[in-house]
Amino acid sequence: MFRVLITDPLSEQGIEKLQEASDVEVVQKTNLTPAELLTEVAEADALIVRSQTQVTAEVIEAGSRLKAIGRAGVGVDNIDIPAATARGILVVNAPDGNTISTAEHTFAMLISLARNIPQGYKSTIQGEWKRKAFVGVELNNKKLGIVGLGRIGSELASRAQAFHMKVIAFDPYLTEERAKKMGVHKASLEEVIQEADFITVHTPLTKETRHLIDEAAFAKMKEGVRILNCARGGIISEQALYDAIQSGKVAGAALDVFETEPPGEHPLFTLPQVIATPHLGASTREAQENVAIDVSEEILHILRDEPFKNAVNLPSIPAELQEKLRPYQTLAEKLGSFAVQTTEGALEEITVTYSGELAELDTAPLTRIILKGAISHYLSDVNDVSAPHLAKERGIRVTEQKVSRSHGFTHLIHVGMKTDNGETAVSGTLLNGLGSRIVKINDYSVDVQPEGHLLLVQHHDRPGAIGQVGSILGDQGVNIATMQVGRKDVGGHAIMMLHVDKQMSEELLKRLKDLEEIDDVKAIDL
Ligand SMILES: NC(=O)c1ccc[n+]([C@@H]2O[C@H](COP(=O)([O-])OP(=O)(O)OC[C@H]3O[C@@H](n4cnc5c(N)ncnc54)[C@H](O)[C@@H]3O)[C@@H](O)[C@H]2O)c1
Ligand SMILES: O=C(O)CC[C@@H](O)C(=O)O
């Protein structure tokens, strides 16, 4: 039974999805104190939040059973992603469900800002009739500058075009072709800042976007520019915005988000040019249902080890690619594990080469599994989320290569490992109907099923060497299930690859290593 803890208000439809699952126990506890959250999370297999719960490194540490954290919404700035990644916890969000609602909210703010609707409403219901005080501007023919043309920015662009606005946008990932298709002028940040009549930001809040719109940016803007932020507080400097409104440079601002939420009695609210909503972008019945259902389904998939799509700390893998890579996953993990067990010393570099049919695919997910196979040998609780992070943290260089030639196999995965004490390599393939096979160890061709207890012996190709190994194993009651021998030259270096029926003791390995004809012995458990 999986325990799913929900700590922020979530739409009933999402909760029902979880409650309908026979393998899930749903615990919904909102408004927890930080101490209560630490206690509750310790028992949970998954945690679902919106934006209120702060999922700090401490919370993640306390969640010793946590497999996944789900965010019912887009922004994950309330979740310590590096801490989750380091612990191998998947973080998933629901990026599509509230796009339309947030774009519509931004558009509502745009019209309200242009026509002073909130100010006019407030004055009118107070009994005033100030028609001259609230003269606005048309949107028609005005330039809308969008910073961040992603999901919400794009939806906003098409709505603005319907109102005959000219849309210019800055987004470092925007191609000329996509901009053209959308009828948007691809601009630099500088151009947006200098030319737009309305500027709206739709980026995530990151190191790069924090105070992207600052005092220097305001100084370059058109007189009477209007500013919107329905993305994240902090993308626009609130102090700089306050000063720019005070100086008359900015005619008005519409804000749904704030540097600190709730903002309390903010100085910006003393300015009549500022209109505000309490982070309402995604607050529609439709958006909340969508994100709650999406995140609940994702959490169920993760808990059940089924394919999922919206992981924030793992690149998403298209379903079609997942299907193509699935058969190779076991082979990949076994190769990583096998290779690392043949090494000695500190791991410095892992090179994975895919050839044949595999060279045509995006094999990054398989490389993560190979890393998991390798790193699990040293550390517990490694998965394909944490493996690349743990490798990097330990200074292990990881390189992926593709070659078309696959030495007579339809495909081949070659894993090379370099340590401070030498190099080793192993290649494997999937044999039609027969499963995974290791087909090469260093320069020796073999045909080994990567399973169970294996013994890799490097020896001199001399009469009696194989017999000596066999008799020592026999003496110790170790049964040999299969054995293969490979050599390059008669009388030169050779290897023996044995499947044995039980794990070998250190003492037994030492006895084998002490034999004159033996160079090295490695016990490998897969
Ligand atoms: N107010 C709300 O209730 C609400 C609701 C949903 C989303 N949001 C927020 O809206 C923002 C946008 O959401 P989205 O779903 O459109 O995200 P998205 O990922 O689809 O789009 C973000 C875009 O910003 C661009 N970008 C990143 N760094 C940039 C930079 N330095 N300069 C310019 N562009 C940059 C990206 O390339 C991307 O195209 C996020 O901050 C999200 O958290 C707010
Ligand atoms: O949960 C909310 O209502 C806020 C959602 C929004 O900010 C998001 O990033 O998806």
Checklist entry - Over the range 99-276, what is the percentage of antiparallel beta bridges among all DSSP beta bridges, to the nearest 5? => result 0
Next on the checklist: Just to confirm my numbers, what's the Cα centroid distance between the range 63-101 and the range 360-405 in Å?
Outcome noted: 22
Checklist entry - Okay, helix-only estimate at 222 nm for the chain: each DSSP H run of n ≥ 4 adds -39500 (n - 2.57), divide by all residues, round to 500 deg cm²/dmol; what do you get? => result -9500 deg cm²/dmol
Checklist entry - Using the Cα gyration tensor of the range 267-342, with a ≥ b ≥ c the square roots of its eigenvalues, what is the shape: rounded (a/c below 1.5), prolate (a/b larger than b/c) or oblate (neither)? => result prolate
Next on the checklist: If I model a spin label as a point 7 Å beyond the Cα along the Cα-Cβ vector, how far apart are those points for SER158 and LEU361 in nm?
Outcome noted: 3.4
Next on the checklist: If I stretch the segment between ASP214 and ASP420 completely, what's the gain in nm (0.36 nm per residue apart, minus their alpha carbon distance), one decimal?
Outcome noted: 69.3 nm
Checklist entry - In a shell of Cβ-Cβ distance under 13 Å around LEU189, excluding LEU189 itself, what net charge do Lys and Arg (+1) and Asp and Glu (-1) give? => result -4
Item to check | 5 angstrom amide H check on GLY234, placed H, neighbours 5+ away | outcome: GLU259
Next on the checklist: From Cα pairs below 8 angstrom and at least 6 apart in sequence, can you work out the relative contact order of the chain, rounded to a whole percent?
Outcome noted: 11
Checklist entry - Kirkwood Rh, Cα Rg: Rg to Rh for the chain? => result 1.12
Item to check | Positive minus negative residues near LEU361 (Lys, Arg vs Asp, Glu; Cβ under 12 Å) | outcome: -3
Checklist outcome for this item: Most packed first (mean Cβ within 10 Å per residue), the peptides 364-375, 206-217, 164-175 order as 364-375, 164-175, 206-217
Checklist entry - Quick one: net charge of HIS453's neighbours, Cβ under 10 Å, K/R +1, D/E -1? => result -2
Item to check | GLN476/GLU43 FRET efficiency (R0 45 Å; Cβ-Cβ; nearest 0.05) | outcome: 0.50
Next on the checklist: Assuming 0.36 nm per residue, please report the length gained on full extension of the stretch GLN126 to LYS502 beyond their Cα-Cα distance.
Outcome noted: 126.7 nm
Checklist entry - Considering only DSSP beta bridges whose two residues both sit in the chain, what percent are antiparallel, to the nearest 5? => result 50
Checklist outcome for this item: Expected unfolding gain across GLU223-LEU515 under the 0.36 nm per residue rule, minus the alpha-carbon gap, is 96.4 nm
Checklist entry - What list of ³J(HN,Hα) couplings, whole Hz, do you get for the range 407-419 from phi and the Karplus terms 6.51, -1.76, 1.60, once you set θ to phi - 60° and write x for glycine and proline? => result 6, x, 9, 5, 7, 8, 10, 10, 10, x, 10, 10, 10
Checklist entry - Translational D (Stokes-Einstein, µm²/s) of the range 341-525 at 25 °C and 0.890 mPa s when Rh comes from the Kirkwood sum over C-alpha pairs? => result 139
Checklist entry - For the range 2-43, what is the convex hull volume of the alpha-carbon atoms per residue, in Å³? => result 47
Next on the checklist: At 15 angstrom or more along the helix axis (alpha-carbon based) and mean Kyte-Doolittle of 1.0 or higher, what helices does the chain contain? Whole DSSP H runs only.
Outcome noted: 364-375
Item to check | Magnitude of the charge dipole, the range 341-397, Cβ model with Lys/Arg +1 and Asp/Glu -1, debye to 20 | outcome: 180
Item to check | Relative frequency of Cα-Cα separations exceeding 26 Å in the range 99-276, percent | outcome: 25
Item to check | Projected label distance in nm at ASN78 and ALA319, using a 7 Å step from Cα toward the beta-carbon | outcome: 3.0
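Every read-out reported here was derived from the displayed coordinates using simple, explicitly stated rules and does not represent laboratory data. It should be emphasised that the depicted structure is a prediction, and the values quoted were computed from it without experimental measurement. Please note: Cβ atoms are built from the backbone with ideal geometry, for glycine as well, and neighbour counts cover all protein chains shown.
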